[in-house]
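Worksheet: the structure to be examined is printed underneath.
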Amino acid sequence: MKISAGEHRPATAPAAGARDGGPERLAGVAMMCGSGLSNQLGAATGALAFPVLGPAGVVAVRQWVAGVVLLAVGRPSVRAFTWRQWWPVVSLAAVFATMNLSLYTAIDRVGLGLAVTLEFLGPLAVALASSRRALDLGCAVTAGAAVAVLARPRPTTDYGGIALGLLAAVCWASYILLNRTVGRRLPGVQGSATAAALSALFYVPVGITVLVHRTPTAGALGYAAVAGVLSSAVPFLSDLLALRRVPARFFGVFMSVNPVLAALVGLVVLGQALGWLEWLAITAIVAANAASVLTAGRGASTGRRGGGPGAT
């Protein structure tokens, strides 16, 4: 969040309001909820294009649309970027380009439950590594266990699929940390816009190859384009702004709401019923996040009394 022209919040901590439980932190929570819901709705829409474009084709169109939308919003002044600003942007672009493709391929090989559970190890690792209190650790572990229960991963000997799920986890953790760094070093959404544009360029050869071998339809391209807005552009922008308001630790725990939102979207949109075990897991995730939200300010205060900033 910009303070004045060319000046940003300190790199070691979120906004003061986020520490003190004020509107900054609440705004960050709202942005993360909106990001998660948009992501799940976009994923459901993008899946409709899989039979025609395949996962790689859908991801390519998603990246192109996200790049165009974010460039239009951010209008980055790339010629003014310094190396200190460029390297996290380029790294974020590489992560952004890899994250969805590795996850979708993992889902295709080992199933949704195991892929989602493996991917969540990324933000969970960020939350655990950044935690400074036993309560933070408890919230993160509770959320992680509940995600595993909700996703119900099944054993598999497809080690390639497992490796892709773990790659998605590494990408998600890197995405959290790099997005936070980009948000500190560049004003507005210039960094996110540039990263999205670079990621879109990475997918030009992939997309061309897919479209040459598959005959796209207007409907499939439309579904993939909507997914690009809902599952790429909106979350990318929302996450950047949220990470300026909340610690990476809290962000990592809060990402556990994504499987909850996916389950609820399935219930409302697709009529997929949830059993008592799923509702119990959802309750545990919500409780863990509520505890993390309500005590985040106290944790930051403790960090300041201990002579250092809050966890980032």
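Details
- Apportionment of accessible area to carbon and sulfur, the chain, percent (1.4 Å): 68 percent
- Calculated mean residue ellipticity at 222 nm for the chain: -26000 deg cm²/dmol, from DSSP H runs with n ≥ 4 weighted as -39500 (n - 2.57), summed, divided by the residue count and rounded to 500.
- Distance from region 93-149 to region 234-292 (C-alpha centre basis), Å: 12 Å
- Residues VAL204 and THR82, FRET efficiency given R0 of 25 Å [Cβ-Cβ distance, rounded to 0.05]: 0.40
- Computed over the chain with a Gaussian network model linking Cα atoms closer than 10 Å, the most mobile of ALA72, ALA44, ALA148 is ALA72.
- Taking Cα centre as origin and charging only the Cβ of basic (Lys, Arg, +1) and acidic (Asp, Glu, -1) residues, the dipole magnitude of region 92-187 rounds to 340 debye.
- Mean Cα-pair separation over length for region 92-152, i.e. relative contact order, pairs under 8 Å, 6 or more apart, %: 33 percent
- Taking region 29-162 and dividing mean pair separation by its residue count, relative contact order in percent (alpha carbons under 8 Å, at least six apart): 23 percent
- Candidates PRO216, PRO153, PRO235: whichever shows maximal mean-square fluctuation once the chain is modelled as a Gaussian network with Cα springs under 10 Å: PRO216
- Dividing the Cα radius of gyration of the chain by its Kirkwood radius returns 0.97 for Rg/Rh.
- Net charge over other residues, Cβ less than 11 angstrom from the Cβ of GLY207 (K, R count +1; D, E count -1): +2
- When the residues ARG184, ARG214, ARG109, ARG62 are ordered by accessible surface, computed with a 1.4 Å probe over the protein chains alone, the sequence from largest down reads ARG109, ARG214, ARG184, ARG62.
- Surface per residue (accessible, 1.4 Å probe) for the chain, Å²: 43 Å²
- Approximate spin-label separation THR215-ALA163, in nm, with each point projected 7 Å along Cα-to-Cβ: 3.7 nm
- Measuring r between the beta carbons of LEU277 and THR156 and using R0 = 25 Å, the FRET efficiency lands at 0.75.
- Using Cβ point charges alone (K and R +1, D and E -1), the dipole size of the chain about the Cα centre works out to roughly 940 debye.
- With contacts taken as Cα pairs under 8 Å at a separation of at least 6 residues, the chain carries a relative contact order of 39 percent.
- Protein-only accessible surface at a 1.4 angstrom probe places the residues ASP239, ASP108, ASP158 in the order ASP108, ASP158, ASP239, largest first.
The values are calculated or read from the model by the stated rules, or taken from the named source; none is laboratory data. Because the structure is a prediction, the values reported are computed rather than measured. As a convention, Cβ positions derive from the backbone with ideal geometry for all residues, glycine included, and neighbour counts pool all protein chains shown. The area values use the complete protein model at the heavy-atom level, side chains included, leaving out ligands, DNA and RNA. Shrake-Rupley method; radii C 1.70, N 1.55, O 1.52, S 1.80 Å.
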